[in-house]
1. I'm checking a number: the convex hull volume of the Cα atoms of the stretch 61-109, normalised per residue, in Å³. What is it?
2. Counting helices only, and only those DSSP H runs with n ≥ 4, report the 222 nm mean residue ellipticity of the chain as the sum of -39,500 (n - 2.57) divided by its residues, in deg cm²/dmol to the nearest 500.
3. Arrange the peptides 190-197, 179-186 so that the one whose residues have, on average, the most other Cβ atoms within 10 Å appears first.
4. So for the chain, averaging the separation of alpha carbon pairs under 8 Å that are six or more residues apart and normalising by length, what relative contact order in percent results?
5. Straight-line reach only, C-alpha to C-alpha below 20 angstrom: list the aspartates and glutamates that Lys48 could link to, leaving out same-chain residues fewer than 8 apart.
6. Taking the Cα centre of the chain as the origin, how large is its charge dipole in debye, to the nearest 20, when only Lys and Arg (+1) and Asp and Glu (-1) carry charge on their Cβ atoms?
7. What pairs in Lys158/Lys217; Lys44/Lys97; Lys109/Lys150; Lys158/Lys189; Lys63/Lys109 have C-alpha atoms more than 26 Å from each other?
8. Taking 8 Å as the Cα distance limit and 6 or more residues as the minimum spacing, I'd like the relative contact order of the stretch 61-109 as a percentage.
Amino acid sequence: MSTDLLVDDLLALTDYVTEKLGQENVLLIGHSFGTYIGMKAAAKAPDKFAAYIGIGQVSDHVKSELDSLDYTIEQAKLAGNARDAERLERLREPIGKGERITPRDMVRKYGGAARLIDDNMDYYTGFLFNPEYNLLDVIRYLKGVSLSQKILLAEEAKNNIVHIVDRLEIPCYFVMGKYDYMTSAKAAKEYFDMLEAPVKEFVLFEKSAHYPQFEEKALFAEWLYRTWSRQISKPGVDSFR
């Protein structure tokens, strides 16, 4: 299993969807680790896509994780949880070397994953209460995560997307939550600033963390509709409150 394999799968799926639905243009949207796959796919086959949108965009791995670490330590101290802060501080050296990530239970605990939704619980309620899924899908989901996550995250840590993709030939949009510390908004902005694209826009949702498309879904829908209802001719920064 590798990200290159997943990129090829995505491109094959794109061809299938394009033919099946009779569409000339496909809008590619990635979220979280999906943005690593999405960026590589958009760079490899720009002719297949009208534009790329990265939500919770992956950027420089170490910078992002150190941002997460600093945030969680600060929030732990503010909450008076010295034990959490000390536990996190001990991880600084391996995180700085790219050997560890900031523990996601700590990121969630201090609001760096989601602020307006319960992201973990929503996965399971989605499986349980939507007719597209059944109990076997829950089992498959958990098995898939356990088999793939460690392998793929290790590859992402060793192969910095910032050095792999520094230019896209299609319009590019980074959509971030202000409080995102699963994939740091600050690190994503640094990547955005160095990335070359014919049109690019950095969109910051002021009340969200890692899931602005769900945490502020009405504003996200408004932005998406407005973006495709007008021609964007200049790069810029948009902020939603």
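1. Numbers: hull volume 2.7 nm³, N = 49.
Spread over its residues, the Cα hull of the stretch 61-109 gives 56 Å³ apiece.
2. On the way: 12 runs with 132 residues, N = 241.
It comes out at -16500 deg cm²/dmol, rounded to the nearest 500.
3. On the way: 190-197: 16.6, 179-186: 25.8.
Averaged packing, sorted descending, gives the order 179-186, 190-197.
4. Details: 396 pairs, mean separation 57.3, N = 241.
Relative contact order, the chain: 24 percent.
5. Reachable aspartates and glutamates: Asp4, Asp8, Asp9, Asp15, Glu19, Glu24, Asp166, Glu169, Glu196.
6. Details: 31 positive and 37 negative charges, 96 e Å.
Value, rounded to 20: 460 debye.
7. Values: Lys158/Lys217 33 Å; Lys44/Lys97 29 Å; Lys109/Lys150 22 Å; Lys158/Lys189 21 Å; Lys63/Lys109 21 Å.
In this structure, Lys158/Lys217; Lys44/Lys97 lie more than 26 Å apart at Cα.
8. On the way: 38 pairs, mean separation 22.2, N = 49.
Once divided by the residue count of the stretch 61-109, the mean separation gives 45 percent.
No value in this document is a laboratory result; all are computed from the given coordinates. All values derive from a computational prediction rather than experimental measurement. We place every Cβ from the backbone using ideal geometry, glycine too, and count neighbours over all the protein chains shown.
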